[in-house]
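*Asks:* Sharing a structure here in structure tokens format.
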Amino acid sequence: MTDLAIILLALFGVWTGWRVFRVDSMVRASFALMLSFIATAGIGLLLSAPYIGVATVFMMAVEMLVMAIFMVMFMMNPAGLNPMSMVHQHRLSIGAGVVAFAGLGAAVLLSDLPDSPVAPGTDVVAQLGFELLGPSMLIFETAGVTLLATMLGAVILSSRQGRFGMADHGSRPPGLEPGGAPAGRRPEKGGGHGHGHGGHGGHGDGGHGRASDDHGGEHRGHMSDGDHEGHAGYSPDGAMGAPGPEHGATHRTPAKSEHGGEHRTAHGPGHAPQDQKAADAPQEDAAPNADPHAHHRKGTGHDGDDT
Amino acid sequence: MTLIIVLLAASALFGIGLYGALSQQSFVMLMMGLELMLNGALLAIIGFWSRGLGGMPEGQLLAIIVMAVMAIEMAIGFALVVALYRKRQADVTEAIGTLKR
Amino acid sequence: MDALLIIAAWTGLAALAAWGMQRQAGATAPLAAPFLGGGTPDTHAWQRYHFRPYTMALVFIAFEMEMMFMYPWAVVFVREGAKALAEMGMFLGILSVGLLYGWREGIFRWQ
Amino acid sequence: MSWLRTLAAGAAAPIYPSIGAGMLAEVEQLFASAPGLRRAASPRDAALLLVAGDIPAEARPALDRLHDQLPHPRRTLAWKAGEPSTQISARLNEAWRDLAHGAPSEPDRLPDEPPNPWRGIGPHGQGGKGMMGGTPRGRPMAMTGADIRDGLELDRYTARVGPFAPMLPPGLTLELTLQGDVIVEAHVLSLPFPQPEEADLPALCAARMLRLLGLEGAADRMTRGHAPRAAWIRGAVPAGLGAWPGAGDARDRLDAWLSGRQEGGAPRDPARALPGLEWHEATLLLASFAPGTLRRALAEAQDLQEIPA
Amino acid sequence: MSVLLAAGVLVALALGIWLGAWFDRLAPALEGGRAAGPMAPLRDWAALLIRDQAETEAPDRMNRLLAPAWYLALAAIGLSVVPVAEGLALWHSPVGIVVWGSCEALIVITVFLHGWSPNAPFPLIGAYRYAAIGLPVMLPSMFVLIAAALPAESLSLIAIVDSQRDSWNLVRQPLGLPLFLVVGLTLTLRGPLDFAGGVDIAGGTSAEESGAGLFLWQVARLATLVAFSALAAAVFLGGPLGPLLPGPVWLALKTALVMALTVLAGRLIARTTPSRMLHVLWVWLLPLSFAHLAVSGMVAL
């Protein structure tokens, strides 16, 4: 009876796995993969591995939601309104797949597999626990450090907003003494981090950005002393966390581009203050670090936008 | 008999994952193929742990480590996709062929 | 085995109920138009939607994986005694460093 | 299924109000106090379309679009300024009982044509070309563009959020370009309808903000004139949101309303403060000004733009 | 035997849904509004059922029809893990709290699908906002459940209920229930964590729902309220344990209590912007649940 269920689940898993590359809608593709994982988890439940099975459902449900969000974010034709066909070297990959299946299948069928089933009724979760805390403690801690490295890597690679300002603005660490010139190598003029076709380009010259420069300087000064103990300006009530936006859009008409920056002030001290480089559009964004005494500075936003 | 069914299913999943990883142009679909291959590997581990290894705890630990590999591969993979898209709006493998030239 | 039967039963029952009760009458074009308070959209709502907390989602996957390690630890915690507490303290300490770093880099909000 | 209909007749009448000039306060009072009426969050959940006050000519097409979005059976009722709320409430209940007992529904006001013809066009007959082109199933697909907050150039979704949106002041039509749920561009297409002084009462303004903060019960209490029973009201409004020199920020204005005072400060061109805000923040910002103040500020900003700067 | 138990769980779910709907309509009485009679929920549901269900322009039709079904099925699975009497549950899973965790993850996916499939702006914003908040809420939920599993030395809910024979987890681990209530408010789309709904996006994921679809979604949302309350009662209030009355009656009473608590919390606490709630979740609630786990660990030793 369980063999029949395992066969059904295996077929379901393989069918949904195949559907992943056949459907047009990316959301359906990632949730088809999740169904394939759920089939694997079902087989795990049947093979008396309850923890592994349910943990697979749990972990894969989360991952497939994140995968669906990222697929919709970065792929053309996200919802499959037009048929989706983004394949290359099609014949080669079909061959590779079939060869892999045939090879592994042959290996399975030809070799004599060991036959010592798990004793029914053993507390497998406790065994795993003792294993984690006993002989494999090193693996357990290494996995912890690896996950930490993953978190740091993910933040460094994908986050644009950093402590020292925007990642694609050639953000640079604060000066050695408060208010001093920023330390570290100054990226070359119009450096490689300019955007592709529509981006706001590298550094705008200091000319019309002076309002933001003096703000910037003041920020940096404030930032450096506030830097060593994390967020000095962080008010405990978890104030509004949205950062002051950095207006980089180039093709905005001048009439609209002068932005009432003052509404963006005091936006939650939780964010790192803007190390503002004035983009070529004469944007000026007065977003002083929003520590509790920021209210009195709201007025400064006005005097700067005479450009 | 059960182990053979499970291992055949695992190799089928691995085959489909390999097909997907090789045939898809977009990074994200390519990672779907990798996840499917890891799914096949996970299924094989569960099968061996339950029928072949007599429930050795290391088997379950290996299954957890494979799930950790899936999580890490996905997190760093998407971080790279974000970094690349921010720099170059590239979302298909053809767009980053600069090393070839 | 009965677990799978229960899950299959509940899911099947709910799917049948939903499929049976809902019969989508063919909507005319003005009825089908998306609701924007009387306004009109230019394009489909389906788009490459800019999910603002994307870095938080990636850090969350790594954090979620730690939970998978902690479940078995919880089962043997009492029997292992103080050693388990120390070990889990170290494990959580390592991971809260990641949390602190994320907080300082300001990823836990709309980017 | 007649027992289902008799059961349904006893339910509260689901109404979607499209509020015209001069009737904002009456409609809010009506829903807060009249029994047997339920304000539907969207027209899909409503059976009766209550057209309150007079709708100017340029908002008529929007009203027709809104009317056609109610599912069948549906009916429209007009509520002119002179009619007392007890009478309109009785008419609404009576209309709902008719509909529940199977009265005929109202046909569409607009012709039944898709926004762009798509049936049978293109290689697969869904009106699209290649991966991103054409108008699959009647509408084009959004295209990428620069983002003002986060360097990822993803799709920009442009739409006109209409005069009868539940979260905006009645009459205000905004052409918004969104990246995700952050507003990237905002233009005012039509000003909010003029409302009487009564709509600017601190209690009603605070009730509108409380409703946006998810506190239905507290908003109804405020509209009926009692103090709200809720927690973390002040903390939920982000600090520094919509801060104008001399007008404080949204929190200060809400505090003033909750304590009965009407804040004097007027914003300078609020529409230009919207880009960069997330959707919920933008709705809170617009609701943090009394309707009269907001209308004057938007009108003043619009005149400014007509005169070449 | 288990078929009888399954029927019992189904009946209990139906009664719980009706009770939850009645609590929703009783809550305005606390704020000076009108208290609705017990028949009010049935009338509102009948009002929904007699109306047509409108289709949107280019929806993902299958997912749109089935999203309420998954939501309902997950609530039923979550409820079948809860021990009805001492040592008796429909699903004797040795990893009960991990099953509930995967139900939570799948519920977040279901709400995302419910917002994604109509292809309309407001539901889409609701879906993405909810995904952003639904993901981090799973962390405090797991910490709290793991803390409850420490004295029980097992992940099974039956063992957790047995470990509360002398003192309930509410007493031993006071922070557990409030943190778990935050999770409950998220799963049942209520109050301060209802980011898939709300007037600011005209009803959120159900802005385009009408007729039978809206009815099923509301019923599923109430079913999740019942499942969540039953689990919270089992983990923190000793579930079927209690003097005099038989087990299931105790569980029903405690579940009704937690349901009332959740409905009240949903109506009385304001909902802030998703960006700030994300900040609160990660920077306030997560370290709090760290501390809760550490304290519970020391207490359990």
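The values are calculated or read from the model by the stated rules, or taken from the named source; none is laboratory data. Computed from a predicted structure; not experimentally measured. We place every Cβ from the backbone using ideal geometry, glycine too, and count neighbours over all the protein chains shown.
*Asks:* Testing E:S210 on (1) in contact with a Pro (Cβ under 6 Å, 6 or more places away or on another chain); (2) farther than 18 Å from D:A41 by Cβ, one condition comes back false. Which one is that?
*Replies:* Status for E:S210: all satisfied but (2).
*Asks:* If you don't mind, another one. For C:I61, are the conditions met, namely being touching an Asp or Glu at 6+ places or on another chain (Cβ under 7 Å), farther than 30 Å from E:I158 by Cβ and without any contact (Cβ under 8 Å) to a residue 24 or more places away in the chain? Spell out the reasoning first.
*Replies:* Numbers: touching an Asp or Glu at 6+ places or on another chain (Cβ under 7 Å): yes; farther than 30 Å from E:I158 by Cβ: yes; without any contact (Cβ under 8 Å) to a residue 24 or more places away in the chain: yes.
Here the answer is yes, as C:I61 does meet what is asked.
*Asks:* Something else now. Read through the list (1) at pLDDT 90 or above; (2) in contact with a His (Cβ under 9 Å, 6 or more places away or on another chain), then give the number of the only condition that D:Q29 fails.
*Replies:* Tallying (1) at pLDDT 90 or above; (2) in contact with a His (Cβ under 9 Å, 6 or more places away or on another chain), D:Q29 fails exactly one: (2).
*Asks:* Among the residues in the stretch E:158-176, are any free of Cβ contacts under 8 Å to residues at least 40 places away in the same chain, in contact with a Pro (Cβ under 7 Å, 6 or more places away or on another chain) and surrounded by 23 or more Cβ atoms within 10 Å (Cβ to Cβ)? Give the derivation first.
*Replies:* Within the stretch E:158-176, the first condition is being free of Cβ contacts under 8 Å to residues at least 40 places away in the same chain, and the residues that meet it are E:159, E:163, E:166-167, E:171, E:174.
Right, trim to in contact with a Pro (Cβ under 7 Å, 6 or more places away or on another chain) and you get E:163.
From what's left, surrounded by 23 or more Cβ atoms within 10 Å (Cβ to Cβ): none.
No, the conditions are met nowhere in the stretch E:158-176.
*Asks:* Here is a follow-up. Within the stretch B:54-92, which residues are more than 19 Å from the chain's Cα centre (by Cα), facing another protein chain (nearest Cβ under 7 Å) and more than 21 Å from B:M32 (Cα to Cα)?
*Replies:* Filtering the stretch B:54-92 for residues more than 19 Å from the chain's Cα centre (by Cα) gives B:54-58, B:82-91.
Remaining after also requiring facing another protein chain (nearest Cβ under 7 Å): B:54-55, B:57-58, B:82-83, B:85-86, B:88-89, B:91.
Across the stretch B:54-92, the qualifying residues are B:G54, B:G55, B:P57, B:E58, B:R86, B:R88.
Per-residue answers, yes or no, for (1) more than 20 Å from the chain's Cα centre (by Cα); (2) modelled with pLDDT of 90 or more:
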| residue | (1), (2) |
| --- | --- |
| C:M70 | no, yes |
| C:M88 | yes, no |
| C:G93 | yes, yes |
| C:L100 | yes, yes |
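*Asks:* Could you identify the single residue in D:L70, D:L66 that is within 14 Å of chain C (Cβ to nearest Cβ), among the aliphatic types (A, V, I, L, M), farther than 22 Å from D:L210 by Cα and without any contact (Cβ under 8 Å) to a residue 60 or more places away in the chain?
*Replies:* Of D:L70, D:L66, the one residue that is within 14 Å of chain C (Cβ to nearest Cβ), among the aliphatic types (A, V, I, L, M), farther than 22 Å from D:L210 by Cα and without any contact (Cβ under 8 Å) to a residue 60 or more places away in the chain is D:L70.
*Asks:* Kindly check whether there is at least one residue in the stretch E:203-220 that is modelled with pLDDT of 95 or more and either in contact with a strand residue (DSSP E or B) (Cβ under 6 Å, 6 or more places away or on another chain) or away from chain D (no Cβ under 14 Å) (or both).
*Replies:* yes
*Asks:* Among the residues of the stretch A:108-123, are any more than 7 Å from chain B (Cβ to nearest Cβ), in a loop (DSSP other than H, G, I, E, B) and either under 21 Å from A:M26 (Cα atoms) or modelled with pLDDT under 85 (or both)?
*Replies:* Within the stretch A:108-123 (the criterion being more than 7 Å from chain B (Cβ to nearest Cβ), in a loop (DSSP other than H, G, I, E, B) and either under 21 Å from A:M26 (Cα atoms) or modelled with pLDDT under 85 (or both)), the answer is yes, since at least one residue qualifies.
*Asks:* I would also like to ask the following. On the basis of being aliphatic (A, V, I, L, M), within 21 Å of A:V87 (Cβ to Cβ) and more than 7 Å from every other protein chain (Cβ to nearest Cβ), does B:A95 make the cut? Outline the logic, then answer.
*Replies:* Numbers: aliphatic (A, V, I, L, M): yes; within 21 Å of A:V87 (Cβ to Cβ): yes; more than 7 Å from every other protein chain (Cβ to nearest Cβ): yes.
In short, yes.
*Asks:* Is it fair to say D:R139 is under 22 Å from A:S85 (Cβ atoms), among the basic types (K, R) and under 25 Å from the mean Cα position of the chain (by Cα)? Full working, then the answer.
*Replies:* Values: under 22 Å from A:S85 (Cβ atoms): yes; among the basic types (K, R): yes; under 25 Å from the mean Cα position of the chain (by Cα): yes.
The answer is yes for D:R139.
*Asks:* Based on this model, can you work out whether A:G103 counts as surrounded by fewer than 24 Cβ atoms within 10 Å (Cβ to Cβ), more than 7 Å from every other protein chain (Cβ to nearest Cβ) and modelled with pLDDT under 90? If you could, list the steps in order and put the result at the bottom.
*Replies:* Working: surrounded by fewer than 24 Cβ atoms within 10 Å (Cβ to Cβ): yes; more than 7 Å from every other protein chain (Cβ to nearest Cβ): yes; modelled with pLDDT under 90: no.
No: the conditions fail for A:G103.
*Asks:* Just one of the numbered conditions (1) aliphatic (A, V, I, L, M); (2) touching a helix residue (DSSP H, G or I) at 6+ places or on another chain (Cβ under 7 Å); (3) within 30 Å of E:R43 (Cα to Cα); (4) free of Cβ contacts under 8 Å to residues at least 60 places away in the same chain is not true of D:L110; which one?
*Replies:* That leaves (3) as the condition not met.
*Asks:* So which residues in the stretch E:161-219 are polar (S, T, N, Q) and in a helix (DSSP H, G or I), if there are any at all?
*Replies:* From the stretch E:161-219, those polar (S, T, N, Q) are E:163-164, E:167, E:169, E:173, E:186, E:188, E:205-206, E:210, E:218; that's our starting set.
Selection gives E:N169, E:T186, E:T205, E:S206, E:Q218.
*Asks:* Only one of (1) over 19 Å from the mean Cα position of the chain (by Cα); (2) of a type in the set (A, V, I, L, M, F, W, C); (3) surrounded by fewer than 24 Cβ atoms within 10 Å (Cβ to Cβ) fails for E:W70. Which number is that?
*Replies:* Every listed condition holds for E:W70 apart from (1).
*Asks:* I'd like to know if the stretch D:135-157 contains one or more residues that are facing chain C (nearest Cβ under 10 Å) and closer than 28 Å to E:L49 by Cα.
*Replies:* So in the stretch D:135-157, the residues facing chain C (nearest Cβ under 10 Å) come out as D:135-144, D:147, D:149-157.
If we keep only those that are closer than 28 Å to E:L49 by Cα as well, we get none.
No; the residues of the stretch D:135-157 include none that is facing chain C (nearest Cβ under 10 Å) and closer than 28 Å to E:L49 by Cα.
*Asks:* Regarding D:T6, is this residue closer than 23 Å to E:S210 by Cα, among the polar types (S, T, N, Q) and more than 14 Å from chain C (Cβ to nearest Cβ)?
*Replies:* Numbers: closer than 23 Å to E:S210 by Cα: yes; among the polar types (S, T, N, Q): yes; more than 14 Å from chain C (Cβ to nearest Cβ): yes.
So D:T6 passes the test.
*Asks:* Moving to a separate point now. Which condition from (1) touching a Ser or Thr at 6+ places or on another chain (Cβ under 8 Å); (2) in the same structural domain as D:L285 (by TED's automatic domain parsing); (3) among the acidic types (D, E) is the one that D:D155 breaks?
*Replies:* So the condition that D:D155 fails would be (2).
*Asks:* Right, next: Among the residues of the stretch A:124-161, how many are acidic (D, E) and either touching a Pro at 6+ places or on another chain (Cβ under 9 Å) or within 8 Å of chain B (Cβ to nearest Cβ) (or both)?
*Replies:* Here is the first cut: in the stretch A:124-161, the residues acidic (D, E) are A:131, A:141.
Those still in the list that are either touching a Pro at 6+ places or on another chain (Cβ under 9 Å) or within 8 Å of chain B (Cβ to nearest Cβ) (or both) too: A:131.
Summing the residues that are acidic (D, E) and either touching a Pro at 6+ places or on another chain (Cβ under 9 Å) or within 8 Å of chain B (Cβ to nearest Cβ) (or both) in the stretch A:124-161 gives 1.
*Asks:* Within the stretch E:220-237, which residues are among the β-branched types (V, I, T) and not in a helix (DSSP H, G or I)?
*Replies:* Initial filter on the stretch E:220-237 (among the β-branched types (V, I, T)): E:224, E:226, E:235.
Selection gives nothing.
*Asks:* Still on this structure, please answer the following. Which one of these is surrounded by fewer than 19 Cβ atoms within 10 Å (Cβ to Cβ), assigned by TED's automatic domain parsing to the domain that holds D:A90 and modelled with pLDDT of 90 or more: D:A52, D:A57? Please lay out each step first, then the result.
*Replies:* Numbers: D:A52 fails: surrounded by fewer than 19 Cβ atoms within 10 Å (Cβ to Cβ).
Step by step, each of D:A52, D:A57 is checked, and only D:A57 is surrounded by fewer than 19 Cβ atoms within 10 Å (Cβ to Cβ), assigned by TED's automatic domain parsing to the domain that holds D:A90 and modelled with pLDDT of 90 or more.
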